[in-house]
1. Mind listing whichever residues of the range B:182-237 are assigned to a helix (DSSP H, G or I) and either farther than 15 Å from B:A432 by Cβ or among the small types (G, A, S) (or both)?
2. Is there a residue in the range A:50-60 that is more than 8 Å from chain B (Cβ to nearest Cβ) and touching a residue at least 24 places away in the same chain (Cβ under 8 Å)?
3. B:K205 fails exactly one of the following numbered conditions: (1) touching a residue at least 12 places away in the same chain (Cβ under 8 Å); (2) over 24 Å from the mean Cα position of the chain (by Cα). What is the number of that condition?
4. Could you tell me whether any residue of the range A:86-97 is farther than 11 Å from B:F117 by Cα, basic (K, R), within 11 Å of chain B (Cβ to nearest Cβ) and touching a helix residue (DSSP H, G or I) at 6+ places or on another chain (Cβ under 7 Å)?
5. Inspect all residues belonging to the range A:52-66 and state whether any of them is of a type in the set (S, T, N, Q) and within 22 Å of the chain's Cα centre (by Cα).
6. Starting from residues that are without any contact (Cβ under 8 Å) to a residue 12 or more places away in the chain and at the interface with another protein chain (Cβ under 7 Å from one of its Cβ atoms), keep the ones in the range A:61-78 and report whichever is farthest from A:P40 (Cα to Cα).
7. Are any of the residues in the range B:229-238 over 29 Å from B:Q435 (Cβ atoms), touching a Ser or Thr at 6+ places or on another chain (Cβ under 8 Å) and touching a residue at least 24 places away in the same chain (Cβ under 8 Å)?
8. Please enumerate the residues belonging to the range B:170-187 that are of a type outside the set (A, V, I, L, M, F, W, C) and surrounded by 15 or more Cβ atoms within 10 Å (Cβ to Cβ).
Amino acid sequence: MVRDPPFRVDVETGSAVPVYDGRFGPEEAERLLWRAGFGPRGGEEYALAKKGLHRTVESLLHPVGPDRLIGKPPQVDGHAIAPKDAFGHDHLWWLDRMVRTSRPLVERMTLVWHDWFATSNETVGDQRIMLQQNELFRTLGLGSFVGLAMRVTINPAMLLYLNGLNSLKGAPNQNYARELMELFTAGVDAGYSERDVHEQARAPTGWTTSTATAGRSSASGARTTTTR
Amino acid sequence: MKVVFGKVGALNWKSAVKLCIEHPKHAPYFVNKLWGYFISVPPDDATRKALEVVYVRSGHNVRPVLSAILKHPLLYEGPRMTKSPVVYSAGLLRIRGERITTEDWIWVDAMAGQQLFYPPNVSGWNDDSRSLGAALTVYGAAALAPRALDEAIARASAAGRNDRVLVTIFAPGGWDSLSLLYPSGDGRYRRLRPTLALRSNEGRKFSGDSRLHWHPSFEALSHLHDHGRLTVFPALGYHHPDQSHFTSRHFWEVGVLDSRQSTGWLGRLLDVIGDEDNAMQGLSLDSSLMPSLATYRVPVATLTNTTDYGFDSHNVSDVTGMLLQDAIGSLGGLIDDGDPFQRKASQTIGQADRLRRQLGRFVGEDGQAHYNTKAKYPETDFGRRLAGLAALLHAGFPIRAVALQAPGSYDTHSDQPGALANGAKEVADCLAAFQHDLELRHLGGRVVTLLWSEFGRRASATRWWASSLGWPAASTATATSSTTSTSAPSTRRCSSTGSTWTRTGFFRTRRSSRVSSWSRRR
């Protein structure tokens, strides 16, 4: 289980970012709930309006209590859903979390990271591996971006998706390195060279994924090009 | 030893990731991108810099940046933001305190373009596209009253079965007159184009001027010309040609020599003759809006492909397809009270569904399009799009103007003759089939097709100059003859440098004077 790194800087002290100081009524709370979550559950916007902007944002950023889903679990044709097996039930499983979560921002950020580090089961071909990546986004989503990017780099779904698994010595695959720089961290015009891409590609080689164990990445020193 | 971003040293994957995050472009990239998920207008420079400081000082932590974004005035005072399909679906259930009881939610979101765990590519879902049902996008729909779109399309469909239709097809990358309708016996043509010139016996003779020959790839069009179905406007140009492909194309698309003009020449026509609520009147058969159709006042739509309304995603069977239709239809009717924004969203889903049902009738049990045509289209994407368009027109969709792009790009510089011949043949064969199809459907008198290119070569093979070719193809004598101009270019009119020749037409005046009156006729 990965834990969030400690929260080091309080943005309310010493930040030059403008802060909204207008009315924070139910309408504003509702807008925030749509942006930072999936809309208000019945009456939720009134409760948050009473809390005020700062306490509301704090409660979204630091949810207290156990991570629980509110209400009855989904049923399809009288049966529980099977997210690891049935086609499309992975979608239902996550949609259900969005509907019933008590931590809307955590779930919303999980969706943000799914878009940011976009990985498709079209290529990965195993819902269990996709769900494992999903849990990674949920667990690390509000913490250190460095930690997140590190874990994504060796995440089985991502490795499979960007052909990182074929990134063997002698034939470094440039996909992951390129996307890491262009899409995930620095943008398309970050001023790196072809050589940077190539050198990057050499760095992560040697990782393997076992689909049978639903994706625990492990390093195999024999195939690396560099020392760890 | 490894060298990344100019830093040398032993590098493992961890230090590679760290290097990326320490890259000076990372903090601005991160802050901008994260901001974009929550606020629809970009941050000002001061805000962005302040957010970067928050991010870097926190040791690259997400939470503090998120906190600042969620408290920013623009989130509360800025414009509304489009909800992604999944956020919208989850919100519908969450607000109503309901739970998932049907698999239909998979298809509802997939059809709307967002199936979780299946992003379209490594860039994720494109938040900019207001994609409805994945294939149809309505531009300007936000200004419409609920249901107006449906009703207008129904009304216009009933009333407008005899409306005239203008189809404009952009052929990218320099189809010039001297290549496609070449002066075969002209010695200067051969001197100026030693490598590109066609042999004197290639292609059929042009019946309008015996000195000219058709490019062999255009044989299908030459027959249309001989039968009075086709007119040629060679060597069109404008004063002081801008030698950029992009600028020249823009000028042709907007119909004025103004790089800031944002409405297209057809868009402005629709603003005059169109309805305020019929988005089908201007149809871009493309993945994005063709600039010539951009309007100021009235809505228009893009339709990637009529068959995209079939259910070809992820092993969906016909039975599931039926379920899908029902699911989407019922979603459109889910909310009729409360938030007007939600009402609008469910309304547009319902609208897309109804349109999809109408379009879906062209898709057979095999998932392929069946347009019930006897015309022989080449088996290419362009051919299928034109076949679909003929079927849409025949089915009575209230379409007034259509824009699409021809396949291929001829601006190859290397192997231009080969690339041009292949692309031109496909386009010519498809257009001939389209014209045949229209006539079989008794639509020939209603439809004029304009094929044009933004750019031609200079007479000298090594240089360029902006020109345009237009082929309005119509079966009625009036449409053809009223816009006919077959004065041909001649290399004798070239200046001594061979850099240009006299224009035989001025596209803008030709279009604006004819099109408006022609389009109004029934």
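1. B:G187, B:R188, B:Y189, B:R190, B:R191, B:L192, B:S217, B:A220, B:S222
2. Among the residues of the range A:50-60, at least one is more than 8 Å from chain B (Cβ to nearest Cβ) and touching a residue at least 24 places away in the same chain (Cβ under 8 Å), which makes the answer yes.
3. It is condition (1) that B:K205 fails.
4. yes
5. Checked the range A:52-66: at least one residue is of a type in the set (S, T, N, Q) and within 22 Å of the chain's Cα centre (by Cα).
6. A:Q75
7. Within the range B:229-238, the subset over 29 Å from B:Q435 (Cβ atoms) is none.
No: the range B:229-238 contains no residue that is over 29 Å from B:Q435 (Cβ atoms), touching a Ser or Thr at 6+ places or on another chain (Cβ under 8 Å) and touching a residue at least 24 places away in the same chain (Cβ under 8 Å).
8. B:P172, B:G173, B:G174, B:D176, B:S177, B:S179, B:Y182, B:P183, B:S184, B:D186
The values are calculated or read from the model by the stated rules, or taken from the named source; none is laboratory data. Predicted model only: the values in this text are computed from it and were never measured. FYI the Cβ positions are ideal-geometry reconstructions off the backbone, even for glycines, and counts take in every protein chain you see.
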